[in-house]
């Protein structure tokens, strides 16, 4: 009898834990931000070198996006939604002081698909998933918190971020 109660309790606990993990697997923050960007984001263009490495455009073409922007000191973050293909989601994290940039390509559910890094004016290089994981976790935490804010604050009143312009080559 005690074994059955213990087993039932363990199964209940596992069920609760599994149920608690399910909401984390779906990330409505990406869909919320996509709608915010499409309705009130700045029109911008992703650099061709980043668009190509992420598989979004042919060489010498950028990707037109609607962009949400956040600036805090020398840190600039953008959430970008493809104009032609709304499922093309890219997050940029730019250190404006030294030009180091990381871009993350997301699925519509907010899952990491690819990541690249580059320094201003340099070539974008793909990051291994293990190398992108920690940075992406910080970005998804930041943007999911922002998605919970009122839609009126979705687009900042600042001009588009530097990653939206193609570097001169």
Can you give the extra length, in nm with one decimal, that the chain gains between residue 137 and residue 43 once fully stretched, where that is 0.36 nm per residue apart less the Cα-Cα distance?
31.2 nm
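If you wrap a convex hull around the Cα atoms of region 27-156, how much volume per residue is inside, in Å³?
That works out to 95 Å³ per residue.
Working out 0.36 nm times the residue gap between residue 75 and residue 130, then minus their Cα-Cα distance, what length gain in nm do you get to one decimal?
Once the chain is fully extended between residue 75 and residue 130, it gains 17.5 nm.
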Order the peptides 112-119, 139-146 from the highest to the lowest mean number of other Cβ atoms within 10 Å of their residues.
112-119, 139-146
Computed over region 27-156, the relative contact order (Cα-Cα under 8 Å, seq sep at least six) in percent reads 24
Roughly speaking, what is the stretch gain from residue 148 to residue 35, that is 0.36 nm per residue apart minus the C-alpha to C-alpha distance, in nm to one decimal?
39.4 nm
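Coordinate-derived values only; no laboratory data. All values reported here derive from a predicted model rather than from experimental measurement. Here the Cβ is made from the backbone with ideal geometry for all residues, glycine too, and neighbour counts use every protein chain on show.
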